[in-house]
Each structure stands twice: as structure tokens, then as C-alpha cells.
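The block underneath contains the structure these notes are about, expressed in C-alpha cells.
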Amino acid sequence: MNMSEKSTVETINTLNIENAVDAISHIILGKEKAIRLALACLIAKGHLLIEDTPGVGKTTLAHTLAKVLGLHYQRIQFTSDLLPADILGVSVYNRDTSKFDFHQGPVFTNVILADEINRATPRTQSALLEAMAEYQVTIESETRDLPEPFFVIATQNPTNQVGTFPLPESQLDRFLMRIELGYPDNSAERELLKGKNRKELLDDVQAALSAKELIQLQKQVSNVHVSDAILDYLQHLLGFSRTSGNYVSGLSPRAGIAILNAAKAWALISSHQHVLPEDIQAVLPSVIGHRLQFIYEVTDKQALQPAEHLIQSVPIP
Amino acid sequence: MSKHKLNINKIMWLAIGVALASFPHWQRLPLWIPISHISLLAARLYIPYQFPTLWSQRKGTINIIRLILMFSGVVAVYSSYGSLAGRDVGVALLVLLAGFKIFESDSKRDFYISSYLGYFLVITNFFYTQTIPTASYMMFIIIIMTTGLIVFNDTERQLTTFKRFKLSTTLIIQAIPLLLVLFILFPRINGPLWGIPKDAFTGITGIDDEISPGSISNLAQSNSVAFRVTFEDEIPKKSKLYWRGPILWQTDGLVWTTGEDKTLQEVSKIEFSGKPIRYDVTIEPSNKKWLFGLEMVSKLPDKTYFTPDFQLKTHKPILNRQAFSLTSYSNYRLNNEKSPDLERALVLPESYHPKTRELASKLRDEYKEPALIVKAALNWLKRENFIYTLTPPTPTQDAIDEFLFDSKQGFCEHFATAFAVLMRAAGIPTRIVIGYQGGEINPLGNYLIVRQYDAHAWTEVWLENRGWVRTDPTSIASPIRVNEGINNAMPDALINIPLGLDKNETAYRLWKRMRNTVDMVNYQWSQWVLGYGPERQKLFMKNIGFDSINWKELTLYLFICLGIIVAAITIYIFRKTPKTTEPAKKYYDIFCKKMAKAGVPRKSYEGPVDYAQRISSTRQDLKDEAQYITNLYILIRYCSNNNKLLKLKAAIKSFTPPKIISN
Amino acid sequence: MSTRIVLEKLPADPASKFSYQSEQIKRHRVYIFPTTQGWLYAMMLVVMLLGAINYNNSMAYMLCFLLTSLALVCMLHTYRNLCGLIISSTKPKAIYVGQQALFPIQLDNRLGLEKFSILLEQRKTSKKLFRKRKEVERVSIGIESGQQPTCHYPVQSQKRGLLNCGRLKISTDFPLGLFISWSYFEPEQTCIVYPAPKGQKQLPLYTLNEDDADYGTQSGTDDFSGFRKYKPGDPIHSIAWKAFAREQGLLVKQFSGKGSRTLILSWESVSHINDIESRLSQLCYWILLAEQTSIHYGLEIPNISIEPGHGLLHKEQCLKELARYGI
């Protein structure tokens, strides 16, 4: 009875998604897949980690994303001397009231841009990561809820760069996706060189989605149909990662849920109401890239990334 | 070896199988054997699981007690039967042993030995009865016991009880073609290889080689089959169906015997005329050395011979169902020359049957000519209104005289013996022939069934120039017996007709029809299954075009056929592929196969959309079709929209991508 | 990737069934023979046949032939129960001496119907060996159609180094136990056996490089934070000379704490132990301890030198060098 109604809602939203993609693509050139993945990640209510060498547009992407989504955002530049209190906030003694007033830190916002997260010390990192996992922060034994929606878009330099504190495996797990941007291709690069300063362009970006629409989209993700065949496929993937012996440790059940959620969001972005094997394959490298590691022997021999290797090893049932 | 610990489930199947296999024996065994058998099984099912510690410690004293029990069991069997050899004793010991073996079963080896004992128990049943119901019942038991073996080997408990049973049944069904080939082609030899216990053939009813008043009327109570006959042409008239058996020469006044102690000197001479009648007789085991042939048999089948008085005999007792091909002529002349044997056909014990002798001399005086005397005697019988009955009054002194002159009631043996005495007293050589007369035509199989109640006795008188002439006094007194069979000559009470059925015409006919069907099935069963021996095997091979086949060729063919069937089963088993629960996937696989042939194989990890795109880019001509099929497939498989399945099936069926030869 | 072994049956279209077309697929023969129970069964059949001939009893013949046919059919089923299984072995997890190595063996049943009660056991290479090990490990497994379970075959490790699984016999006697069909295969992968972690529970004194000595008094109150490019004016003692030696340019070590703890576990630090195995055990223990307490550590044993580092892969690499030492 409300089939038509539902479908109109859907078209509006996907249209908006397309608008958002367009808007971001205008700034980040030639990286549509990465942009879509980033959007899918946010729609699936996941935190996003952007990892690449400096200067490929990580921060710009993060900025653009936040702006396009029309959300309130805060940028935190992580440095080695950043303290947890700098993120969460601090209580300051107020002489007038003779009380401790709580000064909210930048974490109390919709979107946090955690720039170069691996430059901060593990202690500071974990303060943020706790907030990401719990959607609340505990300061001086008082628990405070974070606003909704709440995202962390973190950027980090490759771990093998000097001067970094690599995020431990357990903390990496908090991020739904880790995407890489890579260098732009020839034509994109040329356009980049010819065009205006990105920072200026960024100021002109208009929100393509409202917060309300975003929440609605997030709700729709759970309505995306997942057939048994897809679940079979997913289970085979998880099973292979655990039993093949090629990986340091298999994918956790949480990773499985993450893959499924991301695939659902991806399906929604690709404007179909059901998950296809391709959806899973599309999100898999981003979702498990930071969760799956070849064991020492395989690393040398394999030309493929662990996620690609996994995809190619498991036939679609 | 802990995985082979016998849990209650495994033992249960075994115990049930063995108990069922021994069940038909219970009525034949002394009561204490089945009771101890069952209690041993029950104890095995109960004790180890209720008192595990007791069971595990049983090694010492309990073992000794078990041995003592077993030994006393054997002693008890010996005291019951007075012997430890023979069929019945063997069965008793086997039932007892199976109980003990299951009771002590604790290892893989025990389990298998118990199962094999169970199989032996099944085979022993066939030494008592081989009917279709028994065979079916035993088949069921085999399936149960095979299930037991499967339960034992299904160590990972992958199958449900029902599936285990199903697998067992499947194995048996797959075994049946092999079974048939083995049964038909396995070279048969005539047993026995060694002695058969004497008790193996007790309880078989049939015609003996002597008669006394009442011996044939006893047979008339039995409707078990004596033999069956298939005629090559038409079945002759009932009144002509005299199945010749033993010939009795000698009497002591009450009992007639063949008198084999005095050998006959008569030389068999026989002349035949008229049309030959060809037929096959399938005789039931009788444990006797003679056959029954239609009067008069002209050609001897293998392994048989004629006695001088033309009785068809075999060298060995007939211990199993056998078939013989015979040819007879209904017109014959038998030994029309005088011989010393005729003297024996006149002997009567002194001082018996005074009244009969009186009548004989009267007749002889009146008619003189033997042929006329015979005729007059028969006429006399007819005139005197003799009653044909199964239950004549018991004779007090002289059976013949009392029958002829007082009671005038009797069965065929009374007529035959009395007539023979009368003739001999009148100086005409006479002998008695016993055999069967008539038979029931089974319209369904177009064959004749001769049952025990068709047993009959008649006489042969010797007349000059005519030789031995069949004279049936019963046919004179009760013509209906010979012309229409005993069923009509006797009151219905004789034959076991269910109560009340005779009152309703249609019901009676229906019942009769059913009985005929059952008998036909039984007949075919006994003809082709139970009676399948060396002769039948030869006949069968001849029928399918292998004349005079020897056992070497037979073995060769056996192995060829076995090989073919094993190959067929192998192909059947190995071609079975796992059932795809998703039909859409099955069709899509076909599509992928077709595309692979067309030059664009799908990678195993390639999703349908990607694949369709690749097809579209490499094969422009297939773009639309591939897209259509892929869309349908996605709808069914990933949107769970199953009502498009037929469309997908049709689309994939009609999809025939042309192959492009790449340069 | 390791070789896959297909028992007897090759799929008609290997490419469609296997992910890697380049992957090696080998066909192994499956053997079949009656078991002890099978021979006993045959004896029973002979007795039955003699009985049937002697009594000329058709139904006895029938039963005897039915049981014969059943055995033949059972033979086919037993054979099928093993055919088409794809076996591949993967790298077993490294273990410490004295532990049981678990060789993961993947039994892939995507070609066939459900497989029942498959038994894995080490093949007796010689009678002597068999006598020594009274209990040969047996692993029994059932595999549903289309499933690819991995079972782990346990092998007890005796000494440090590489442990071979040896030849394995894969067999089944399902459904009736009258026949056994089997095949052999040898897991190619070896298990690395680390030395058993034993010895002193205390880490040796940190061996700091000569220019690390005064870090503690350097800037910050926290940990080692990393490197940055040298800028003119930076103190000379904070230049990472090692990195310079590796031609990474001039880098400056940044510290935000009392100084990072870098531990070099060297042969000298265990020189007080005479026995080589015990030395390795001690080093192994220390590596584990250092990993646990988040200390950057390196390894220096004869012919091998591993830069200080941290993390799973680093630990693995260090332990592996210990395992391989002298072998």
C-alpha cells in the first residue's frame, strides 16, 4: 500500500546523495569511489579513517564531507603534545560561583575532524576512541552524552612514516572503514593545477543533506534487504579469513557486522534496496583493510592486499 | 577406540533386529529358549546404562557366571532335543548364542559378530518356510540390521534416525539388481553337499505308497498344493486328468501296499495313439521318490525311470520344488500280453470278505466273460446308490464287506479297495492306482493346481487283448467327483470357505477370484523363485536363447552382468551432485556454463553485475540478454522475489550464445 | 598457496570451481580394501552359500546373494564417501617446544555430497615408529555438502625448529564398515617450533645506545614520540645517527617522556648460560615479556640482527629467528 510512498522517499534521498557526491567531487577531483565509500561509511553510522601520505587531500575530503552533510563540525589537529583534556573538555574553578564549571571540549559536536590522529600519544588517542565507541565521554567520573549524529573522521599518515604512533589493532577496529585516497590521475591532476585553490572552493560548498535527512538515511540502511545467499557469502568470507592460515588472525564477528552494515549502506548509495555480492566486494577492502593482516611468510609472496586476496579466494555461492 | 563404545542406540538397533529375526522361531522352540534370549537382550539394554560401574567391573566373576550360564544353556538344549545335531537344535543353539553374544557385546568386533549371527538367524527361518510373507518380513529385518551397522558407523551423528533407515533401504534397493543377476546366473548345482538333518522335512503331507481306509480322506482335509501343471496346449477335460502315482498290488485285507519285496517280472509294453499332450509339472517337495504324470506318460524326463507297472519314479527323494517336462497320451494300451505277474494281481488273503466273495462268484457265474463281469459289477455299484462321503461310519469287523453291503458310504479309497477285492475274487487281475484326479484350473495363470484334496484311488483291471484298463469305481458311484472335481462332489464344508460366503453368489465369486490371484502369485513365486534350481536355470537360459550352457559360460555371463550393473550403479552414485537448495543458482550456473563456452567464463568470485558488465563490454551482441538474465537472477537470488523463477528458467533455456572465434 | 589435492575426481571445469586458476591441483588415488569385519562378512557369506546349496533352499540363496550385493553396493558407497574431497593444508600456528602443533587441514567438499565419518590419522611410516607411539592421533570429522571445514591434526612437538606433520592417511569405512577406502597426503607446510620460554623472569638491563644515555632529561614528560626532520639549531645529541647511517637523512629524535625504552636482546645478555637451547629459551621468554610490557626490543644473535621494534609481526619474526637458530 505504501510502496509508492516509500519509493518516492527513497528517490529523494538517493538524489540528495548524488548531490552530495557531486559537491564533494567538485573539490576532490577524480576520487568518486573514495567519496562514495566515505559517504557509505557515515550513512552506516561508522567512523571513518582516511589514511594516506600527506598532501593528497585527506583533510580537504574530511572538511568537505562535514560541510556537505550540513553538520556542525570541529577540527582537532592531533599533535604529540595534545592532551586528553584538550579533546574532551575540562572543569575550571569558577571563583564567582565557587564551583567547577565544565568547559566542553571540541568532542561535543556532530563531526570531529581528527587530523593526523597518529601523531598524538596513545593516551590522547584512546580518549577519543573511547568516545567513538561509547558515544559518551566520562570526565571526572561524570558521564556526558555526545550529540547525535556523532562521527569521527580521522586522518592519519601511513604508519611506516616516522614520528607516528600507530593505532593499536583494537583501536583501529573502532573505525568502520579505512580509505586511501592515492594520487589523482592525470586529468584530475591537471584540473587541480589549473583550478582555484581548494580552500577557497571549500568555503562555497553548500550542505547537500540536512541532519534530518541523514538520520532518515541511516534508518533506511537497516531496511536494505539481505538475502540468505549474501549471508552465505559473507560467512564464507569470514570463515576463509579464519581458517586459511594466511592471516595473522581471522575476522571477528564485529568485523562481519561491519562488512554487512557497510555493504547495506553501499547498496543504498548505489540506489538498490538489496545487497549484492558486488556491494560486499566494494566495501570489503575499506572495511577490513585495517583489520586483516597477512602472516609474515605470506607478506613477501603476495602481491595482493589481504582484502583483495580474500575476495579472490572465496567463490560467490 | 572410544568412538566405537557401544551406546544404547547402537545396541538397540542390533537387539531389535536380532529379536525380530528370532521371533518366528519362538513357537517352534521350547519356551525357555525365547525367554532367555529376550531377557539377555533386555539385560544388555538395561544393565550397562543403569549400573555402569557394575558393568565395567564385570570382567571377573560375572564372566565366569556367563560362561557357566552358556554351558548350561547348551546342556539344556541337549536335554530338550536329545541331540546337538539337526535343524531344530541348530536353531535353538543359534537363538541362544545370539542372546549371549549381544549380552556380552562391548567392542566393535562383538557388535559385528552379533550382527552376523542376526543374519544367520534370518537364513534359518527359510529352512522352515519360504513364503512371500516370510520373505518380505526377512527383508524388513535385513534393513533393520543394516541400519544398525550404519548407526554404528555414523560416528559423527550426521544422520537422523529416519535418514539412517532411509540410507539402509537405499543400499538394499541398489543391491537388488545385483541380487537378481546373481540369483539367475549363479551356476546352480544340485544339493545336498552333505547330509540333510532328518528333521528337515517333517510335516509334509502327501500321498503314501499304501492305503488303508481313511488314509486318503485324511488328505482331503488338506488344501495344500501337491503340484502345478502348465499345459502347452489346451487343458484336457477334468475327467481325463488321472495323475498316476504308486501302484498297489498286495493286500492283507485292510492295508494295500506296493509289495515291492516281490519284484515284478512283467516287461513294460505300451502302445500309444492319438494326440500327445505336452505339459510341465512343478512338484512340491514330498520327500518321496515318485512323480505324478498324466496317464499315460510316453517319454521320460531326465533323472527319472519307469517301474514295470508304469510308475514314474525319481532316483532321489524330491526335497525341493522341481519342474519336469512330460508328454502323455490319453489313448494307450498297457501290457496286453499275459505274464506271471497277473497271478499276483489275483491274490487275496484267505478267509476275509466272505460276503464280497459270495457276490463275486455270483457275478462270475452269471457273466463268465471278464469284461462283462466288470461292467456288471460297476452297474451293481451304480444301482445300489452308494454315497460318496468323507466321513463314513467306522467299520467294526470287515471293512470291505461292511462298506459294500451295510453302510454303502465311503470315500474313493473305499470304492477302490472294495472294487479291487471284488474283481480279484471274481478272478480278474486287478491292482489299485493312487494318485490325484482332476485339479483346479487357475484362469489367471492358465494352469492347473492339484491340491492334496484331489488325492484319489482307482483300479486297473487286466482284460485279455486290452491289457490293464483303468476302472474308476468312484466315477460310477459319484460321477460328479470325476467330472467336476471334488469341490463340487463334496458338501462345501469340506473346503475352507469363509462362513457365509457361499450364500452370496457375487461374494463367493469374488472370494474365489481372490484365492485364484493369490495362488497364481504363489505359483509364479514357487515356479520361478523357490523352484529355481539347475533345471529351471537351464530352461530359463534356453528361453532367452542360450542352448546347453555350461557353468563356465554361466560364470562368465554372471561376471559380465555384474560388471555392467556395478558400473551403472557407480555412474548413478557418482553423478549425483549436491542438491542446490536455490534453483535460481542452478539456472544461473547453466547460464555461466553457456557463457564460458561462448568465450567469457565467469570468475568464481565475480558478482553477477560485474559479470554482466564484462559480458556487455566484450560481447556487445549478448549485452541485452545477459543484462536481462542477470536482472532476473538478482531479483530472485538477492531480493528473494521467487515468482520470477519460471521467467529466468525460460530465458536461460532459450539463451544460446554464438561462439566467436577469436583471431 | 599450497597445492590442493583432489581425491580421485577432477572437476569437469576446474576453473569454475577453484578460485585460483594458477593454483596447483593434484589428483590423488583412493584405495579400497575390505576391513577385518569385511573379511568376516565374506566368511559368513561362504557359509551361507554352502548352506543354501546343501539345502537347495532358494530363499537362502536369495539372502546370501542379497548380502553379497549389499557388500558390493556398500563398497561403492564407501569409495564415494571419500572421492571428490579437496584437501589443502595451511600454515599451522607456531608453537613452543612441548606444545601440540595443530596442523590445519582444510577438507573442501564443494564437489560432492555429504561426507560421513572421515578419519584422519598419521600414517605409520615404520613399524618401529608405530611401536613407539602407542596411540596414533585420530581425528574424525563429517562434512556437509558444500562445506569447507578445517580440522586440526595434533602432533606433539619434541624439539625446536621445524616440525613436519608427516604423511597423513585419510580414510572412511562408512556406511557399513565392511570396506575401508583411504588415501594419503602430506601437508607441505611445516610448523615452526619456538624454543620453550624459560629462564629468568627479569628482563636484562636496558642496553641504551651511547647517545641515548641522557634522553631522560630531555624535553617533555611523556614517551618517545617519533622523529622529525632536522632543523638547524637542533641539539646534535638528539640526531638519530642510526637513521642517518641508513641514509634516511638527518632526523631528530623527539621525546616527550623520560626516554624511550629500547632493549637489545643479544647473545651477550645470555652469555652466562652454557647450553644453547637454554639460551634460546631465555631469549624467547624475554621477547614475550618485552612484547607484553610494550618495550621496543631488538634481537642480536650470531648472524642475525633484528632492529628494535614492536608488535605481533615483530615478535613473530624474532621468535622465528630463535627457532631457526643453528638449523
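Just so it is clear, none of the values below were taken in a lab; they were calculated from the coordinates. Source: prediction; values computed, not measured. In this analysis, Cβ positions are derived from the backbone assuming ideal geometry, glycine residues included, and neighbour counts consider all displayed protein chains.
Take each residue of peptide C:99-109, count the partner chain Cβ atoms within 10 Å of its Cβ, and average: the result is 1. Spin-label pair B:A568-A:N94: with each label point 7 Å from Cα along the Cα-Cβ axis, the two points sit 9.7 nm from one another. I need the Debye-formula profile for chain B: one equal scatterer per C-alpha, no solvent, reported as log10 I(q)/I(0) at q = 0.09, 0.12 1/Å, two decimals. After summing over all Cα pairs, the log10 values are -0.94, -1.25.
Stretching B:M12 away from B:N483 to a fully extended chain increases their span by 163.6 nm, per 0.36 nm per residue minus the current alpha-carbon distance. First measure r as the distance between the Cβ atoms of B:T394 and B:S548, then evaluate 1/(1 + (r/R0)^6) with R0 = 45 Å and state the FRET efficiency to the nearest 0.05. According to the calculation, E is roughly 0.20.
Here's the picture: charge each Lys and Arg Cβ at +1 and each Asp and Glu Cβ at -1 in the range B:583-653, and of B:I652, B:N631, B:P583 the one pushed furthest to the positive end of that dipole is B:P583. Projecting label points 7 angstrom from Cα along Cα→Cβ for B:F540 and B:I65 puts them 5.3 nm apart.
Rg and Dmax over the alpha-carbon atoms of the protein assembly as shown stand at 49.4, 171 Å. Roughly how many whole Å is it from the C-alpha centroid of the range B:633-657 to that of the range B:372-402? Each part's Cα centre sits 92 Å from the other's. Computed from the Cβ-Cβ distance with R0 of 51 Å, the FRET efficiency linking B:Q50 to A:L231 stands at 0.65.
For the range A:227-270, the Kirkwood radius over C-alpha pairs fed into Stokes-Einstein at 20 °C and 1.002 mPa s yields D = 193 µm² per second.
Counting only other chain Cβ atoms within 10 Å of each residue's Cβ, the peptide B:106-117 averages 3. Of the three principal axes defined by the Cα atoms of the range B:429-479, the extents in descending order read 45, 22, 17 Å. What residues have an amide H closer than 5 Å to that of B:Q322, excluding those fewer than 5 places away on the same chain, when H is modeled at 1.01 Å from N in the peptide plane? Distant-sequence amide H within range of B:Q322: B:I283. Give the shape of the range B:583-653 as rounded, prolate or oblate, defined through the alpha-carbon gyration tensor: a ≥ b ≥ c are the square roots of its eigenvalues, a/c under 1.5 means rounded, and otherwise the shape is prolate if a/b is larger than b/c and oblate if not. Prolate, since a/c reaches 1.5 and a/b exceeds b/c. By DSSP, the beta bridges lying fully in the protein assembly as shown are antiparallel in about 75 percent of cases. Note on B:R466 and B:A76: with the Förster distance fixed at 56 Å, the Cβ-Cβ geometry gives a FRET efficiency of about 0.30.
Bridging of B:K382 to aspartates and glutamates at a Cα separation below 16 Å is possible for B:D406, B:D472, once same-chain residues fewer than 8 apart are set aside.
Comparing mean-square fluctuations of A:D185, A:D232, A:D96 from a GNM of chain A with C-alpha springs under 10 Å, the top value falls on A:D96. Take each residue in B:179-185, count the other chain C-beta atoms within 10 Å of its C-beta, and the mean is 5.
For the protein assembly as shown, the dipole from Cβ point charges (+1 on Lys and Arg, -1 on Asp and Glu) about the Cα centre works out to 1940 debye, to the nearest 20. Where in the range B:597-638 is the amide nitrogen less than 13 Å from a point lying 7 Å along the Cα-to-Cβ axis of B:K585? Only B:637-638 pass the distance filter.
Annotation: extensible slack from B:N331 through B:L254 equals 24.5 nm (criterion: 0.36 nm per residue apart, minus Cα-Cα distance). Think of the protein assembly as shown as having a plus end and a minus end, set by charges on the Cβ of Lys, Arg, Asp and Glu; of C:G199, B:L117, A:L69, B:L117 sits farthest toward the positive end of this dipole.
Ordering B:P285, B:G427, B:H414 by the projection of their Cα atoms onto the charge dipole of the range B:210-494, which places +1 on the Cβ of Lys and Arg and -1 on the Cβ of Asp and Glu, puts B:P285 at the extreme positive end. By the rule of a C-alpha distance below 18 Å, with chain neighbours fewer than 8 residues away ignored, the aspartates and glutamates paired with B:K512 are B:E440, B:D454, B:E484, B:D492, B:D502. Computed over the alpha carbons of the range A:178-317, Rg followed by Dmax gives 18.5, 51 Å. Summing Cβ point charges (Lys, Arg +1; Asp, Glu -1) relative to the Cα centre of the range A:224-317 gives a dipole of roughly 240 debye. Taking Rh as the Kirkwood radius computed over C-alpha pairs, what is the Stokes-Einstein D of chain A at 10 °C in a medium of viscosity 1.306 mPa s, expressed in µm² per second? For the chosen part, D equals 77 µm²/s.
Rg and Dmax, both from the Cα atoms of the range B:2-155 and both in Å, are 15.6, 47.
Phi angles across the range C:117-123 convert, under the Karplus curve 6.51 cos²θ - 1.76 cosθ + 1.60 with θ = phi - 60°, into 3J(HN,Hα) values of 6, 8, 10, 10, 8, 6, 6 Hz, Gly and Pro given as x.
Note on C:E188 and A:Y135: their simple-model spin labels are 4.9 nm apart, each label 7 Å out from Cα toward Cβ. Remark on the range A:8-148: hydrodynamic radius 16.8 angstrom, per the Kirkwood mean of 1/r across alpha carbon pairs. Annotation for the range B:6-35 versus the range B:451-485: alpha-carbon center distance of 53 Å. The slack in the chain from B:F272 to B:V347, taken as 0.36 nm per residue of separation less the alpha-carbon distance, amounts to 24.1 nm.
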